[in-house]
Amino acid sequence: MKNYQKYTRQYYPVANAPARWMTKDHIEKAPVWCSVDLRDGNQSLIIPMSLEEKLEFFKLLVQVGFKEIEIGFPAASETEYEFLRALIEQNLIPDDVTIQVLTQSREHIIRKTFECLRGVKKAVVHLYNSTSFAQRQQVFRKSKEEILEIAVTGAKLFNDLAEEFKATSDTDLRFEYSPESFTGTEPDYALEVCNAVLDIWKPTPDHKAIINLPVTVELSSPHVYANQIEYMCDNLKYRDSVVVSLHPHNDRGCAVADSELGLLAGADRIEGTLFGNGERTGNVDIITLAMNMFSQGVDPELDFSDMPHICEVYERVTRMHVYERQPYAGKLVFAAFSGSHQDAIAKGMKWREETDPNHWTVPYLPIDPTDVGRVYETDVIRINSQSGKGGIGYLLEQNYGYVLPAKMKEVVGYAVKSVSDHLHKELAPEEVLAAFHDQFINVNTPLELVDYHFTRTPNIHTVVTVKVNGEEKEITAKGNGRLDAVSNAIKEHLGIQYSNLTYSEHALQEGSSSQAVSYVGITFPDGKVSWGAGVADDIIGASIQALFSAINRQIQ
């Protein structure tokens, strides 16, 4: 590409970073989660949510288990003010949920923000101003000292208004500060600003402040951000009284990695959204983060067990679409079309059922789809022209009870795939069943079974009535068993020769009224093996039908 020369690295790496976080291989405990769907998420929508839609989304976030929810910028938007007041006046905020409101470090906005909170039980008031080199130089045209003064002035006003608030209210107020565009700010300067704010607020272990370090625009690889977070955690004053929070955006596609490495580096809290909705390329996807922890045996302390419902509400109120490949949530994330994948999944599921049902190690499936409200029958094994015998056999067994012999699965697989290829589409389970029925079960042309009966003399003697190309005739023979006798009759009277008859059977369902299914494979003189299946009220009838099906599939 042309013009790459006009770009330069706009981040500030930590010099001689100890990078202790690199010695950790996983996150051991869920962070404090804060949803910013109703602020960052909402402001990025083409059509922002209405009051009613926001209320529904808020209820969804509470159901999922969020204990901190940023609900907006009430001093700057009438809609967000009305939403905040509706939550308070309709008593919709559970006692264990803290709402968060956002304000710039500007006096009239700060004052109005505090006034909006009258009547709330618990709230985080979030102060921010931009500190990055680019914003100082181009937007505010102010020195480091002047930008620092903006933060300090806002922090002092927070203290004053909080004292006034306490005189007339028992609201539990906590403070949060963000050096906006933290990743574009020199680390020592970001630390200086944050410590100056903390010196004014003087947090305690019983009343902590939040220092939020946002990836307002993602500028670097995740390890650079992790070093910046570790530097801040090591050098912030009042560390035992500070919750270090992360707010990653996804401009480089690494927001999840930024968050995970940032947590390893010492952060305590994550601000993000469902499905990563947010400005530009979005905020960090809290679902992916939480489910990554879940997949490694860590309780995420959020409940995504009904993912289809979460997707439905999200898509309806935001008018956004959950991408089919969205981790853990997309409609295709558990789908296996590849034959080798399907075979491995089918074998893994069987191994787990027989060997270790309490642990999940199934190939190609990082989690059990049922843990997020998905179903094996329609979400995992998907059939198209790329599918294999294992997946098709698994689907027929799990959905309809047909336990195909191993060698028959390959033949059925090719037949079903050819239907998908011909129609140029994925086959639904019922279409797979229809293809199996049409091509393998009770196939009755050109040789049709009409009737049969047996006598013992002392071997089994049979009289079979058949139609050959529509012409009815009786054929007789003896055999060591009923199927053997019928097979001998066909060979002796109809001139159809084959060998190596393979046979298996089982009941289709449990109970005395269950039908039987049989599978028969035979080898013709040219070496071709033909398989057929039969379904009847008894095993004998099913096995004879299966033999006729196998013969007909070869001579049609």
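Amide H of Ser178 versus every other amide H placed in the peptide plane: which residues, excluding those fewer than 5 positions away on the same chain, fall under 5 Å?
The answer is Leu127, Tyr128, Asn129, Asn212.
Would you mind counting up the charge near Glu70? Only other residues with Cβ under 15 Å from its Cβ, with Lys and Arg at +1 and Asp and Glu at -1.
Surrounding charge for Glu70 is -2.
Going Cα to Cα from Lys156, which aspartates and glutamates come in below 15 Å? Please leave out same-chain ones fewer than 8 positions away.
Glu107, Glu164, Glu176, Asp199
For the pair Lys202/His424, report the inter-label distance in nm, with labels modelled 7 Å from Cα in the Cβ direction.
7.6
Between Gln509 and Tyr323, take the C-beta separation as r, use R0 = 41 Å, and let me know the FRET efficiency to the nearest 0.05.
It comes out at approximately 0.55.
Compute the length gained on full extension between Asn159 and Thr457: take 0.36 nm times their separation in residues and subtract their Cα-Cα distance, giving the result in nm to one decimal.
Result: 96.7 nm gained on full extension.
At what distance in nm do the modelled label points of Asn444 and Gln497 sit from each other, each positioned 7 Å from its Cα along Cα→Cβ?
A separation of 3.1 nm, rounded to one decimal place.
Given just the C-alpha atoms of segment 206-362, how large is their convex hull per residue in cubic angstrom?
Enclosed volume per residue, from the Cα hull, is 159 Å³.
Taking 0.36 nm per residue of sequence separation and subtracting the Cα-Cα distance, how much length would be gained by fully extending the chain between Glu52 and Lys237, in nm to one decimal?
Separation in residues times 0.36 nm, less the Cα-Cα distance, equals 62.4 nm.
Just round it to a whole percent: the fraction of Cα-Cα distances in segment 371-479 exceeding 23 Å.
The answer is 48 percent, as a whole percent.
Hey, what's the per residue convex hull volume over the C-alpha atoms of segment 84-193, in cubic angstrom?
108
For the chain, what does the helix formula give at 222 nm: sum of -39500 (n - 2.57) over DSSP H segments with n ≥ 4, over the residue count, nearest 500 deg cm²/dmol?
The helix contribution divided over the chain gives -12500 deg cm²/dmol.
Count the net charge of all other residues whose Cβ sits under 9 Å from the Cβ of Tyr238, scoring Lys and Arg as +1 and Asp and Glu as -1.
Residues close to Tyr238 contribute a combined charge of +2.
I want to check the label-to-label distance for Asp306 and Val468. Put each point 7 Å from Cα in the C-beta direction and report it in nm to one decimal.
6.4
On a straight-distance basis, which lysines could pair with Lys389 in a cross-link, Cα separation under 16 angstrom, same-chain partners fewer than 8 positions away excluded?
Partners within reach: Lys347, Lys350, Lys407, Lys409, Lys417.
Using the alpha-carbon atoms, what tilt in degrees (0 to 90, nearest 10) does helix 255-264 show relative to the longest principal axis of the chain?
That works out to roughly 70 degrees.
Mark the label point 7 Å from the Cα of Arg352 along Cα→Cβ and return the residues of segment 307-335 whose backbone N is within less than 17 Å of it.
So the set is 307, 328-329, 333-335.
Using 1/(1 + (r/R0)^6) with R0 = 41 angstrom and r between the beta carbons of Ser77 and Lys24, what's the FRET efficiency to the nearest 0.05?
Calculated value: 0.50.
To the nearest 20 debye, what charge dipole does the chain have about its Cα centre, counting +1 at the Cβ of each Lys and Arg and -1 at the Cβ of each Asp and Glu?
That gives a dipole near 1300 debye.
Net charge around Ser387, counting only other residues with Cβ within less than 14 Å of its Cβ (Lys, Arg = +1; Asp, Glu = -1)?
0
What FRET efficiency would be calculated for the residue pair Asp95, Glu377, taking the C-beta separation as r and a Förster radius of 45 Å, to the nearest 0.05?
0.65
Quick one: work out the % antiparallel among DSSP beta bridges in the chain, nearest 5.
The antiparallel fraction comes to roughly 50 percent.
If you average 1/r across every pair of different Cα atoms in the chain and take the reciprocal, what Kirkwood value do you get, in Å?
Result for the chain, one decimal place: 28.3 Å.
Once you sort the root eigenvalues of the Cα gyration tensor of segment 300-397 as a ≥ b ≥ c, which label holds: rounded (a/c under 1.5), prolate (a/b larger than b/c) or oblate (the other case)?
The shape class here is oblate.
Would you mind checking the pairs Lys467/Lys491; Lys121/Lys237; Lys67/Lys202 and listing those with alpha carbons more than 21 angstrom apart?
Lys121/Lys237; Lys67/Lys202
Multiply the residue separation of Lys59 and Glu315 by 0.36 nm, subtract the distance between their alpha-carbon atoms, and state the gained length in nm to one decimal.
Stretched out fully, the Lys59 to Glu315 stretch lengthens by 90.6 nm.
Rule-based calculations on the coordinates, nothing more; no lab input. Computed from a predicted structure; not experimentally measured. Here the Cβ is made from the backbone with ideal geometry for all residues, glycine too, and neighbour counts use every protein chain on show.
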